[in-house]
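For reference, the structure is listed below as C-alpha cells.
Derivation of every value follows stated rules applied to the coordinates shown; laboratory data play no part. In this text, all values refer to a predicted model and were calculated from it rather than measured experimentally. Note: ideal-geometry Cβ built from the backbone for every residue, glycine included; neighbour counts use all protein chains shown.
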Amino acid sequence: METVIKQKIKQVKKGDHAAFEDVVTFYQNKVYQICFRMIGNKHEAEDLAQEAFIRAFVNIQSFDSTKKFSTWLYRIATNVSIDRIRKKKPDYYLDAEVKGTEGLDMYSQLSSDQPLPEEELESLEMQTYIQNEIMALPPKYRSVIALRYLDELSLLEISEILDIPVGTVKTRIHRGREALKKRLRSV
Amino acid sequence: MECNKEAIKLMHKYLDRELSQKEEQELRAHLQTCEKCQHHFHDLKRTVTLLESTSTIQAPSNFTAKVMDNLPKEKKRVSYMR
C-alpha cells in the first residue's frame, strides 16, 4: 500500500488533484481517529480531520517524498488538533452534562442519522466512556495515547510525528496509561 | 525489587514490547511473590485491551467527498511545516 500511496502523492505533486482522493480514502479513518481522540467530539473531529487533509494538500510540495507519508500526515493532524485545543474555550464540550439533567450530555441532544443496533450501541457507549476518560488527560498525554493505540505505531514513529525525543514519548505513554488505569478501574 | 518504581517500569516496558529476556524473568519472578504488583499489572493490561478494543473509530461516510469539495481550486503558497 505504501508504494501505491507514494505513486498517488507523486501525481498530486504534479498537479493531479483527483489522485488525492485515494489518499484521503486510505487515511480518513486514521486521521479522523487521531482528531477524535484529541478533541473528544465527532463534529469537531470531522472538521479537524478535513482541515488536516486540506493542509496536507495545500502543502504537498513541502512533503519530502523519501519519508513516510503517514508520519507527515499524522503530524499535521495532531498539530491541527493541538492548535484547536489551545484556542478552545473550555466550557462548551459536548460531553458536558446539560444543566438540569442527569446523565444527559450534548450527544443525546444531537439527532443520530439512523437507529443503532444494540450491539453497536453497547460498543458506542464503551467508546464514549473511554473517550471521556481520555479527555480528562492533558493534551500531551492524549496525543501519545491516540497515536500509540491508533495503529500500533512504534515509539520511534510517535517521536517523529510529535517531534519529541523517544524518551519523552515513553514517559508520556507510561504516565498516560497509569492515569487511564486509575480512571478505568470501575468499568 | 522495589514495587513502586522498578516493577512498574518493567510493566510498561512489557506493554511497549521493549522487555529483554532477563527483565521479563525478573518481572515474572517478582509478580509471583507480590500480589499488589499482580493487580497493578492486571489493571494496566486491561486498560490497554480497552484502548485497543475501541480503536475502530470510523470517519463519516461522505468524508472523502467533502474533503475533495473543499480543496482550494488554485494552489496557495503557504508554508505549514516549521
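For the listed peptides A:76-86, B:22-32, a ranking on the average number of other beta carbons within 10 Å per residue, highest first, reads A:76-86, B:22-32. Relative to the current alpha-carbon distance between residue A:151 and residue A:125, full extension at 0.36 nm per residue lengthens the span by 7.2 nm.
By the Cβ distance rule (another cysteine Cβ under 4.7 Å), the unpaired cysteines of chain B are B:3.
For the range B:3-55, list log₁₀ I(q)/I(0) at each q in 0.16, 0.20 Å⁻¹, using the Debye formula over Cα point scatterers of equal strength and ignoring solvent, two decimals each. Evaluating at q = 0.16, 0.20 Å⁻¹ gives log10 I(q)/I(0) of -0.45, -0.68. From the cross-link list B:13/B:45; A:8/A:67; A:182/B:22; A:8/A:140; A:140/B:22, which pairs have alpha carbons spaced over 23 Å apart? Flagged as over cut-off: A:182/B:22; A:8/A:140; A:140/B:22.
Compute the FRET efficiency between residue B:24 and residue A:65 as 1/(1 + (r/R0)^6), taking r as their Cβ-Cβ distance and R0 = 35 Å, and round to the nearest 0.05.
On the way: r = 40 Å, r/R0 = 1.14.
E between residue B:24 and residue A:65, to the nearest 0.05, is 0.30.
Quick check on chain B: helices-only [θ] at 222 nm, where DSSP H runs of length 4 and up contribute -39,500 (n - 2.57) each and the sum goes over total residues. Nearest 500, please.
Numbers: 4 runs with 48 residues, N = 82.
Taking each H run of at least 4 residues, the total per residue is -18000 deg cm²/dmol.
Can you figure out the FRET efficiency of residue A:83 with residue A:22, using R₀ = 35 Å and their beta-carbon distance, to the nearest 0.05? Computed FRET efficiency for residue A:83 and residue A:22: 0.80.
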